[in-house]
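Quick one: the structure is below, and I'll ask about it shortly.
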Amino acid sequence: MDFKPLTESSINGIGNQTIKALGRGTVIIDCKVGSKTITHHLKDTLFAPKAINNLISISRLDDAGMEARFRRGKVEFLRNSNQVLAVGHKSRRLYQMAAHARITAEQSNVAEDSQNTWDSWHQRFGHLGITGLQRLAKDGLVEGLTIDKDSPPFTQCEACIQAKQTHSPYPQEAKHQREIPGELTHSDVWGPAHVASLQGSKYNIAFTDDATRHCVPKFMKVKSQAFDKIKEYITFIERQFGVKPKVIRVDNAKELISKEVKDWLKEKGIELQTTAPYAHSSNGVAERFNRTLIELTRAMLIARGLPSFLWETAIEYAAYIRNMVPTRALEGKTPEEAWTKTKPNVSHLKEFGCDVWILTEGQNLSKLEPKSKKFIFVGYLDGPKAIKYYDPRLRQIRVSRNFIFAEPSKAVDIEKTDNMRLEGETGNSDPQLPAGNEESANKDKPETGKPSPAVTSVPIPSRIPKTISSSSQSPKTDGQSWETMGYPCRSERAIKDHNYRKMGNPDSRLPPVPRQASTSSVTDMEQLNEEDFANLASIRSYLAGDRMPVSPNDFPRSLKEAEASAEWLDWKRAMDEEIHTIQEMGTYTLEDLLKEREAIGSKWVFSKKYDENGNVSCYKARLVAQGYSQIPGVDFYETFAPVVRLESVRAALGIAAIKNLEISQMDVKGAYLNGELEEEIFMRQPQDYDDRSGRVCRLHKILYGLKQSGHEWNREFNRNMMDIRFSRLEVDHCVYKRIRDGRMTVITVWVDDLLIFTETIEDMAEVKGELQKLFDVNDLGEPKKIIGIEIERDQENGTIALSQTRYIDGLLSQFNMQNAHPVTTPLDPNVILRK
């Protein structure tokens, strides 16, 4: 509750850690005392999501007038020495309270599933040991490996334990190493696999280059195919490097030292080295790499619950990523860089087995059928431009270049099969296998003094995004003109969702993650009754302006309800103002209705406008024409009307923060009434303002509710802006600019709400004067809220923060969901919020 973000705050004294506090607020906890549940509000609680436990300070409880009583492994918190308010029991060096914290709306809203944690990269790299990942990040051995600096340290991975735990240490590798790639190759055969791969293979033969440690796996259905695989690899080496291989080192497996293998290698002038019987250390490079590939493969299949017959594609992917991680045999580079002379980029890596959407191609789909289907990602083909995916229904591995990853979701077991059986495998567990963090976290706790009780762990968002703002060390920048800052660009397809992944995302070259498909029904406008129409118009007015609903009954849905409400005088005053404005604008004249024509109806729609504190700033009454009965081609022709894109508003505010521009907001009164009506439309006289003459209103200007209202207002506004030498941007027709004396003025338009940006106060006064001559406008001063978005500017620090807290609270209140239990649904992990 009442959460306030903190930017520079840390907590010391929790073990030997220093932890960032990202916010402060009130936490609600429910404490179990016997059969009762007692609710407490803990004020000024620091939010530190990276802390291992949720801790309550005994001294703070003492300050609040509570007493702590410790005895026989139990703690009781009392008030007035007899009223027990909470209890806890000793667990190691802490006391665990019988309590749980409620998840607040603030926590739910800021929850974010960061994909750049140590754990996520560990999974993408096929469950590689943490030491290898740390070397990649520390030494900059690859491109695209970004680690969230606030991400928690690497935690214990159960899939790694199940996949990698073995018995005894593995022998060290020989220290002598070749310098020229291709001269010496280590080879080893693994198998048979307990389950044949989907491609029918039972064996894997791995070739590891001694100079670069680059590994290439090949697969065999029977051992006798080893000779063919050796020939394939040697030919590949000769073409890759233009060198003649000198040595191939193998163990004493019969398939590797057969007569045909020896004769062929002798003919090629290649020495065949073999190990002594049972002396695996002589071929330690090949043994170790094969073991690494199998461990990574097993971990990837276990982690995603995938069937074991996918082991062949998993080994291929394990080799692909293993070649991009460091090895002790190389200094300052990865096998891939040593092999290709190019530093690898790993930003495209995704976890093996994650979901991927594939465009359906080569089929005659109807226009309403889904264009994509979800499959299982199993690797890349010749780099990141094409992927391999598994189709569980057909049991096939396929390739596609048209894909969209959906990595955050957890895999579901598609087939329950036994884990792979590794026959004859020896070696120890990885010395860098991560250990559990529970004991290590607690061993640093101080043993002296009163212990702090720990609240039972509850789901807490892993990260608080920083305030969405634009800032600069020097708000007023002279070295760069405003024009060079650029303007918001319209996406390639205006009717499609914005590609957020291209907005500051390192994975921007990847396709965007789609939103989950949903179904909806659209009510036919002709089937709406008057109450439905009023409700729809009210909701649209909220979405189009700054009206924030507070409760379902906050505004009347009809004239009768307005007359019966306690605020009738306010509503009546608003209606009188609306009729006065309409008459002043010459919106209609009273005439007799032509026999061949029909008059449309009208409806009063009521709403309130709120200030930034949620207080009613004014009452509004709109006379809305019931345009759903209009006839196309008779009563209207054009209906399209643009509004400013939210990206444009955010971009303009961001530039204003950086350049320290003047910002002001204006509201056009009765905006739609400015538009001229070309069609001949008749409307019945407004309720409560009918002169009983039987005449109808012949409309000369636009009214709210007519299908062409927005189109005509936009056309009228654009014409007037052209008259005062403004031009609109091609990328957004609701952003206008004008340059005078080298200074630029920008105006954004959302229906009747204007945001004005100028470089000087004098320019702001000039443009306001021009607008006041053109339209009847309200000068709202510096903007506090627009289109439901609250704006908070800190001009001293050069920041502008945007939020919608009150709007969301209002919507919840409107649908009686104020007390609904929030869910910690993360933000889209592909959206990276940056300061």
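Just so you know, all these numbers are worked out from the coordinates, no wet-lab data involved. Fair warning: this is a prediction, and the values are worked out from it, not measured in the lab. Backbone-built Cβ (ideal geometry, glycine too); neighbour counts: all protein chains shown.
May I ask you to order 53-61, 352-360 by the average number of other C-beta atoms within 10 Å around their residues, highest value first?
Going from most to least packed, we get 352-360, 53-61.
Same structure, new question: Using the structure shown, list the pairs from K50/K343; K737/K785; K4/K36 with a Cα-Cα distance above 30 Å, or answer none.
Check vs 30 Å cut-off fails for K50/K343; K4/K36.
Which of the peptides 578-585, 301-308 is most tightly packed, and how do the rest follow, judged by the mean count of other Cβ atoms within 10 Å per residue?
Taking the mean over residues of other Cβ atoms within 10 Å, the ranking is 301-308, 578-585.
So how do I739, I658 line up by other beta-carbon neighbours within 10 Å, fewest first?
Values: I739 13, I658 21.
Least to most surrounded, the residues fall as I739, I658.
Now a separate question. Run the quick spin-label model on E679 and E260: label points 7 Å from Cα toward the beta carbon, then report their separation in nm to one decimal.
In this crude label model, E679 to E260 measures out at 8.3 nm.
Just to check I understand the Karplus step: with θ = phi - 60° and J = 6.51 cos²θ - 1.76 cosθ + 1.60, what whole-Hz values come out for segment 616-625, glycine and proline as x?
Coupling constants for segment 616-625: 5, 9, 6, 9, 10, 10, 10, 8, 10, 6 Hz.
Please list 3J(HN,Hα) in residue order for segment 680-692, calculated via the Karplus relation 6.51 cos²θ - 1.76 cosθ + 1.60 where θ = phi - 60°; whole Hz, with x for glycine and proline.
Using θ = phi - 60°, the values come out as 8, 10, 10, 9, 5, 5, x, 4, 6, 9, 8, 8, 6 Hz.
Applying 1/(1 + (r/R0)^6) with R0 = 51 Å to the Cβ-Cβ distance of Q83 and D794, what FRET efficiency is obtained, to the nearest 0.05?
0.65
State whether segment 292-386 is rounded, prolate or oblate according to the following rule on the C-alpha gyration tensor (a ≥ b ≥ c being the square roots of its eigenvalues): a/c under 1.5 gives rounded; otherwise a/b larger than b/c gives prolate, and the remaining case gives oblate.
Note, shape of segment 292-386 comes out oblate.
Taking amide H positions as placed in the peptide plane 1.01 Å from N, state which residues far from G23 in sequence (5 or more) or on other chains have amide H under 5 Å from it.
Amide H neighbours of G23: L6, F47.
Continuing with the same structure: Within the set of other residues whose C-beta is less than 11 Å from the C-beta of R719, count the net charge using Lys and Arg as +1 and Asp and Glu as -1.
Working: positive: R715; negative: E676, E712, E716, D723.
Net charge in that neighbourhood comes out at -3.
Over 29 Å between Cα atoms, which of K560/K784; K223/K350; K223/K268; K268/K350 qualify?
K560/K784; K223/K350; K268/K350
Shifting gears a bit: Among the listed pairs K608/K701; K202/K229; K246/K266; K231/K262, which are separated by more than 19 Å between their Cα atoms? Show your work: numbers first, answer last.
Details: K608/K701 25 Å; K202/K229 14 Å; K246/K266 11 Å; K231/K262 12 Å.
The pairs that break the limit, which is 19 Å between Cα atoms, are K608/K701.
Would you mind classifying segment 4-102 by shape? Square roots of the alpha carbon gyration tensor eigenvalues, ordered a ≥ b ≥ c; an a/c under 1.5 is rounded, otherwise it is prolate if a/b is larger than b/c and oblate if not.
Here segment 4-102 falls in the prolate category.
Could you give me the ³J(HN,Hα) list for segment 234-245, computed from phi with Karplus coefficients 6.51, -1.76, 1.60 and θ = phi - 60°, whole Hz, x at Gly and Pro?
These are the phi-based 3J(HN,Hα) values: 4, 4, 4, 4, 4, 6, 5, 10, x, 10, 9, x Hz.
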